[in-house]
Amino acid sequence: MDKKELSDTGREVTRAERILAVALALFLLIGGMRLAWTINSAFPLPDYSSLRSQFIPEALEREMNNLWQQNNNKLSALQRLQDEERELRQEYETAREEYRTLLDRGIDDKQKMARWEKARDEHRNSQAALSGTQAALRDFQNNILSPRESAFREAEARFHERFAQLNSQRNRRAGVALITYALAVFALAIWVSGLFRTRPLLSRYAVIGTSFLGFGAVQTLVVTYQVAYPFLRGLIPVEWVVSLGGSGLSIAGIVFLKNRLLSAEAVRNRRLWKKSCPLCGFPLPGNFCGRCGAVQQEKCCACGLLTSRFLPWCRECGSRLADCSEHS
Ligand SMILES: [Zn+2]
Ligand SMILES: [Zn+2]
């Protein structure tokens, strides 16, 4: 009888217990996700630099750096020559203009003419140097840099392809391990929650079992999402599917819980609790309900006193009313 009283009080879940049950599920989730993270890091990512050196030999890399450096040096030398050529051309044009202006006024200034000629020669020399340098740079770029560069780019593309391949292989393996882990934990959680519901000693703590169940379900969802996300990202709008699918599932869950709470037995118990007729909800029935006429009390076969016929145990002597109908 003591046991029965205990389990009856245990069935009432207070708000504090519910909050603690949610907290328990969260704490379980933290540990579970930490474990999932450990499993995930047991699958190492491919070593970027060692794989790169397999596909792109160090000598090639050094050679390319050297060639790019040379190219940059040649480009800045060319830039300097271009600036110089522009300056010399301006100088030459100014000198020519000065000489011609004087010549138009009838003055043939020999000194101005010598300056013009000198500037003209200097400009010509700089033009020659510039086009020589340009030709040399084109030659260097077309015959030395480009062929080496395309060989390098090809090796680099092969490396990137292999790296992506190894990476997705690694992700697949880790994903399988993670989902296996999550499903195993979920199965374990279902088993544990079953224990809490069915074992008499544990049943008053059934809410703990519900925490395990919630933890297992949420962890499976999170892990599946994490694993599936990189594969699905390109194929479907993952966030929309998760948002709409998750909302749908949550609403279905709420409707399910609401209906379970509205089940005939739950409604009857709540009415009893509020001291109203369990069948129609009308308050404070006597021996009969004043509204629906339902019989509320019956005689206990053990003590002969009146007790509620909707409750399993006699209020007066504590006998099981079900035993009465068995005896009769
Ligand atoms: Zn009634
Ligand atoms: Zn009795």
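Descriptive notes on the structure:
- Some residue of region 234-245 being closer than 30 Å to Leu178 by Cα and either surrounded by 14 or more Cβ atoms within 10 Å (Cβ to Cβ) or within 16 Å of ligand 2 (Cβ to nearest atom) (or both): yes
- Filtering region 254-304 to residues that are within 26 Å of Cys324 (Cα to Cα), of a type in the set (Lys, Arg), surrounded by 12 or more Cβ atoms within 10 Å (Cβ to Cβ) and more than 16 Å from ligand 2 (Cβ to nearest atom) leaves Arg268, Arg270, Arg271.
- Here region 107-159 is the region considered, the condition is being among the hydroxyl-bearing types (Ser, Thr, Tyr) and within 30 Å of Leu88 (Cβ to Cβ), and the residue that is surrounded by the fewest Cβ atoms within 10 Å (Cβ to Cβ) is Ser131.
- Residue in region 171-185 that is under 30 Å from Val22 (Cβ atoms), without any contact (Cβ under 8 Å) to a residue 40 or more places away in the chain, part of a helix (DSSP H, G or I) and not hydroxyl-bearing (Ser, Thr, Tyr) present: yes
- Out of Cys303, Cys324, Cys314, one residue alone is touching a helix residue (DSSP H, G or I) at 6+ places or on another chain (Cβ under 9 Å) and away from ligand 1 (no atom under 16 Å from the Cβ). It is Cys314.
- Filter result for the condition that a residue is of a type outside the set (A, V, I, L, M, F, W, C) and touching a helix residue (DSSP H, G or I) at 6+ places or on another chain (Cβ under 8 Å), over Arg197, Arg105: Arg197
- Comparison of Leu88, Leu67, Leu81, Leu51 shows that the only residue that is touching a residue at least 12 places away in the same chain (Cβ under 8 Å), part of a helix (DSSP H, G or I) and within 30 Å of Ser168 (Cβ to Cβ) is Leu51.
Since every read-out is calculated from the coordinates, none of them should be taken as a lab result. Since the structure is predicted, the reported quantities are computational estimates derived from the model, not experimental observations. Every residue, glycine among them, receives a Cβ derived from its backbone with ideal geometry; neighbour counts consider all protein chains shown.
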